[in-house]
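Accompanying notes for the structure given below.
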Amino acid sequence: MAGGPPIETASLSKTYDKTVDALVDLDLRVDAGEVFGYLGPNGAGKSTTIRLLLGLIRPTGGTATSFGVDTWRRPVEAHRRVGYLPGDLRLSDKLTGEEQLESLARLRGGVDDRLRSELCERLGVVLDRPIRQLSKGNRQKLGIVQAFMHRPDLVVLDEPTTGLDPLLQNEVRTLIRETARDGRSVFLSSHSLDEVQHVADRVGIIRSGRLTDVDSVERLRERSLRHVTITFGEPVDAAAFAGVDGVRVVNADHAVLRLTAPEPAMDALVKAAAAHRVVDFVSQPADLEEIFLELYREPDDGR
């Protein structure tokens, strides 16, 4: 069986209509046993990257290999060791969930029936109803099962927890980490930093078709912002909080203070707030676009 890392790209690029650079010179490596988070807002190039990694579209330049196999030139061989959950999952509305999984198992071959049953039970998959009657969440569960049921060496997931309730989201995260502990790899594409940071070892951030950063989750979390709203029992002087390193006062309205703060500053911020009578304290992660603006606030280079 071919060797090499589960994913490796060299100057991988895709241009549409000779003018739209969807992906530019992507150099990326994902190792065995690693969960790699691939983050970016909608339209950043995540789906194009996945299609190139799977050999579904021809690269304009560069190469993508999976376990040493060129995914465009030898896609059938590359796909044998890969499981895939697309972001736009399409299933046959006329089949029941069980019939759909059975059909995909026959096409795939090498599916462990016991593992498939365990996954269905674990996720609470609805098997006995036509897919046209299923909710988005129940369809998504079928998609997750088909991606994992043949125990692939690499699983490529595009927004896997879409439509799932919080308990099932947590179960999927557990499944992803179990896959990595088994020495297999997961490439997790998402626009949600909160989703990725729970399971990924490393994170790559893509913006406008370019990979802008690759870092560990711990380091990215340290650089991430949070929105904080503090309600006090009486008006406070906002200047006392502006002095906390990294904290920015967004709005001060009598007894309500709204700020942004990097995670390392949260302890100091809480201690500063504790010097006053606190009625309410709410902290939420900034969305990905805000984190991009903060982490990569650079002048436009014209590219």
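The table for this structure:
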item: Length-normalised contact order of region 2-120 in % [C-alpha pairs under 8 Å, at least 6 apart]; result: 24 percent
item: Phi to ³J(HN,Hα) by Karplus 6.51 cos²θ - 1.76 cosθ + 1.60 over region 240-255, Hz, x for Gly, Pro; result: 5, 8, 5, x, 6, 4, x, 8, 10, 7, 8, 7, 10, 10, 6, 9
item: 0 to 90° range, to nearest 10: angle between helix 136-148 axis and the chain longest Cα axis; result: 60 degrees
item: For Ala286, distant residues with modelled amide H under 5 Å away; result: Leu225, Arg226, His227
item: Other-chain or far-sequence residues with amide H under 5 Å of His198's (modelled H); result: none
item: On Cα atoms only, tilt of 166-181 relative to the major axis of the chain in degrees; result: 60 degrees
item: Cβ-placed point charges (K, R +1; D, E -1), dipole of the chain about Cα centre in debye, nearest 20; result: 1000 debye
item: Built amide H within the under 5 Å cut-off of Val155, gap 5+; result: Gly83, Ser185, Val186, Phe187
item: Rounded to whole Hz, the Karplus (6.51, -1.76, 1.60) HN-Hα couplings of region 90-107, x for glycine and proline; result: 10, 10, 7, 4, 7, 8, 6, x, 5, 5, 5, 5, 5, 4, 5, 5, 5, 5
item: In sequence order, calculated HN-Hα J values of region 114-124 (Karplus, 6.51, -1.76, 1.60; Hz; x Gly/Pro); result: 5, 5, 4, 5, 5, 5, 4, 5, 5, 9, x
item: GNM flexibility winner over the chain from Gln133, Gln146, Gln100 (Cα, springs under 10 Å); result: Gln133
item: Fewest-first sequence of Ile50, Ile57 by Cβ atoms within 10 Å of each Cβ; result: Ile57, Ile50
item: Average Cα contact separation per residue, the chain, under 8 Å, 6 or more apart, as relative contact order %; result: 19 percent
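Any read-out appearing in this document is the output of simple, stated calculations on the displayed coordinates, not a laboratory observation. In this text the structure is predicted, and so the values were computed from the model without any measurement. All Cβ positions, glycine included, derive from the backbone under ideal geometry; neighbour counts span all protein chains shown.
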